[in-house]
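Input: a single structure, listed below in structure tokens.
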């Protein structure tokens, strides 16, 4: 394993994503790739009362030439309210929802971000603070197809590549609110782990 990893920007990233941030000595977050649809860059998966649910951030009209740092968030409808209602419905009964909700609620009520990467980054900083970890990472200044001596996860975290156990992330089951109905669902958004395990969350990453 190399000591450096490159990752995409991500909205409430999956648990496996955080395993990279924590394990590698240095991480690079990609800000100059072309936007990839239907990926963790603008969507996450949570465990709802009806099973797996996807939350997607709507984006403004874009073309294939735009880089991820140019992608803007759309507020044509109140997606923030819809996402928060979904999070409440999924996790209000979890042991630690009330403990963390004041940290996350402003992202769905008060805060507005023009650019997707800014929303993702501020949310990520909040999540890392709740996890009580301080990974070392920076951002790309230009796009490079290949990075030498670097483990590249930009394609791993894409719609065409399922997220599975690897050498840094071994799936460790933990209690989930609705697992009696649908069983354990692995590698959901990091908030699923936070709301269910609280301060122990880092042990499962």
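What follows is calculated from the coordinates using simple rules that are stated; it is not laboratory data. Every value quoted in this text rests on a predicted model; they were computed, and no experiment measured them. With ideal geometry, Cβ positions are generated from the backbone for all residues, glycine too; neighbour counts draw on all protein chains shown.
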TODO: Rank-order 187-197, 45-55 by packing density, defined as the average count of other C-beta atoms within 10 Å over each peptide's residues, highest first.
DONE: 187-197, 45-55
Task: DSSP beta bridges in the chain [antiparallel fraction, %, rounded to 5] - done: 50
Task: Virtual spin-label span in nm between residue 3 and residue 88, 7 Å along Cα→Cβ - done: 4.8
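Quickly rank 69-80, 32-43, 3-14 as a protection proxy: mean count of other C-beta atoms within 10 Å, highest first. Show your work: numbers first, answer last.
Working: 69-80: 14.5, 32-43: 18.0, 3-14: 21.7.
Top to bottom by mean Cβ count within 10 Å: 3-14, 32-43, 69-80.
Can you sort 105, 64, 83, 175 from fewest to most other Cβ atoms within 10 Å of each residue's own Cβ? Don't skip to the end; give the middle numbers.
Values: 105 15, 64 6, 83 19, 175 10.
If I rank by nearby Cβ atoms, fewest first, I get 64, 175, 105, 83.
Just want the ordering: 143, 153, from fewest to most Cβ atoms lying within 10 Å of their own Cβ. All intermediate terms of the calculation are to be shown ahead of the outcome.
Values: 143 12, 153 21.
Least crowded to most crowded, the residues run 143, 153.
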Open item on the list: Just to be sure I understand the model, the point goes 7 Å from the Cα along the line to the Cβ. What's the resulting residue 118 to residue 172 distance in nm?
Closed with: 3.7
Task: Extension reserve of the residue 203-residue 54 stretch, reckoned as 0.36 nm per residue once the Cα distance is removed - done: 51.1 nm
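If r is the Cβ-Cβ distance from residue 132 to residue 65 and R0 is 35 Å, what FRET efficiency results, to the nearest 0.05? Present the calculation step by step, with values, prior to reporting the outcome.
Values: r = 40 Å, r/R0 = 1.15.
The calculated FRET efficiency here is 0.30.
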- [ ] Just grab the label-to-label distance for residue 142 and residue 182, each label 7 Å out from Cα along the Cβ direction, in nm (one decimal).
- [x] 4.5
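What number does the chain give for Rg over Rh if you use C-alpha atoms and the Kirkwood radius? Each step should come with its number before you reach the end.
Numbers: Rg = 16.4 Å, Rh = 17.4 Å.
That ratio equals 0.94.
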- [ ] As a check on your grasp of the helix formula, calculate [θ] at 222 nm for the chain: sum -39500 (n - 2.57) over DSSP H runs of n ≥ 4, divide by the residue count, round to the nearest 500.
- [x] -8000 deg cm²/dmol
TODO: Would you mind telling me which residue in 16, 179, 124 has the biggest mean-square fluctuation in a Gaussian network model of the chain, where springs connect alpha carbons within a distance under 10 angstrom?
DONE: 179
